[in-house]
Amino acid sequence: MIRQKKNITKIFSSEDKTGIKKFSNLYGKYGMTKEEFLERFNKDGYVILPDVLSIDLIIKLKEAILGSLELQAAIIGKSSNRYFGKLLCAPVFGNTFPVFFELLKEKEWLQPVQWLLDELFIINLYASSCIPPDNDKASQYIHVDLPRYIPGYHFGMGVLIATDDFTKENGATKMLKGSHLTLIKPEEEYFTNNSEQFICKAGSILYFNPNLWHATGYNSTRNWRTAAVLGFTRPWMKQYADIPRLLKKYNVDISSYSQDVFQLLGYYSQPPDNMEDFSVPLEKRMFRQKVV
Ligand SMILES: O=C(O)CCC(=O)C(=O)O
């Protein structure tokens with residue numbers, strides 16, 4: 001049940017032993033409690049929240065994605081559509097497009113992730129999912145993002161941020177409600193007849209269980225359909241791309257960002273690369289586990 005918007009938008013934070021800020025369990029601006037969100041998420045395998053991010057931010061994010069795709073194509077020497085729509089690691093382009101980090105300073109859209117995964121979650125994947133006009137059938141395959149399943153346990157959460165309006169015509173994502181509860185792939189015909197589409201305005205967000213069977217739609221328009229896609233996981237899971245190492249390799253300056261941003265990027269979830277790490281206080285270690 002979605003309630004009327006409540007004017008309790010501030011998210012309070014406190015600090016635990018690791019020095020990393022915690023989120024609260026207050027109502028978000030979406031008028032949905034933690035319990036309501038999680039109930040729907042666990043039943044359907046996804047929740048759509050409309051108009052979460054401001055249009056100013058979304059315009060900057062879309063520009064950053066398209067600009068970074070050009071830069072990435074130059075680095076890897078491939079610019080075919082197959083490679084073109086997917087960024088491997090958006091923060092690599094953060095010197096040119098700081099919006100990739102600014103997005104991580106916005107707390108409200110991250111609140112549902114915290115509800116599911118607790119405060120020490122990290123970014124596993126920070127990418128894009130852009131589809132060209134007349135995208136081929138191969139790109140519309142029905143898939144899950146994480147083929148591991150422990151009933152009642154959440155390894156992670158997928159977050160798709162629409163940086164364009166998503167329509168039936170431009171290939172809005174298709175999701176099969178409740179399908180996160182089985183690893184058996186649905187028949188194509190069943191999927192086609194029963195899936196829902198993420199039809200929304202730019203700035204809306206699809207939060208989904210990585211076990212959910214889903215697919216990109218067909219883009220019959222003449223424009224690209226753009227989106228950012230992020231995967232969040234528990235801090236002990238290996239990242240899809242090693243963000244701290246990539247940012248070092250490409251000299252990305254993140255010195256002005258807070259500990260919260262470092263936490264999200266995985267800086268406090270690295271396996272130690274030195275013998276001293278074992279003997280330094282928790283808040284100085286390369287891997288900061290929650291103390292239980
Ligand atoms: O871009 C889309 O519509 C879907 C993205 C997707 O399938 C994924 O990120 O796993």
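What follows draws every value from the coordinates through simple rules; no lab data is involved. Computed from a prediction, not measured in an experiment: that's the story for all the values here. Heads up, the Cβs are rebuilt from the backbone with ideal geometry, glycines too, and the neighbour counts pull from every protein chain shown.
Sequence gap at least 6, Cα distance under 8 Å: using those rules, report the relative contact order of region 29-284 to the nearest whole percent.
Details: 455 pairs, mean separation 74.6, N = 256.
Normalised by residue count, the contact order of region 29-284 is 29 percent.
Classify region 29-284: rounded, prolate or oblate, from the alpha-carbon gyration tensor (a ≥ b ≥ c, eigenvalue square roots; a/c under 1.5 rounded; otherwise prolate if a/b is larger than b/c)?
Values: a/c = 1.62, a/b = 1.23, b/c = 1.32.
Note, shape of region 29-284 comes out oblate.
Of the listed peptides 211-220, 193-202, what is their order by residue-averaged count of other C-beta atoms within 10 Å, with the highest listed first? Before the final figure, lay out each step's value.
On the way: 211-220: 21.0, 193-202: 15.9.
Per-residue mean Cβ counts within 10 Å order the peptides as 211-220, 193-202.
Arrange the peptides 225-235, 93-103 so that the one whose residues have, on average, the most other Cβ atoms within 10 Å appears first.
My ranking of the peptides, most packed first, is 225-235, 93-103.
Would you calculate the separation in nanometres between label points at residue 234 and residue 192, each defined as 7 Å from the Cα along the Cα-to-beta-carbon direction?
3.9
To the nearest 20 debye, what is the magnitude of the charge dipole of the chain about its Cα centre, counting +1 on the Cβ of each Lys and Arg and -1 on the Cβ of each Asp and Glu?
Values: 36 positive and 32 negative charges, 48 e Å.
Computed charge dipole of the chain: roughly 240 debye.
With 32 Å as the limit, write out which pairs from 107/174; 107/168; 168/249; 201/248 have Cα-Cα distances beyond it, or answer none.
Where the Cα-Cα span goes over 32 Å, the pairs concerned are 168/249; 201/248.
What shape does region 79-177 have by the C-alpha gyration tensor, where a ≥ b ≥ c are the square roots of the eigenvalues, rounded means a/c under 1.5, and otherwise prolate means a/b greater than b/c and oblate the rest?
On the way: a/c = 1.79, a/b = 1.18, b/c = 1.52.
The shape class here is oblate.
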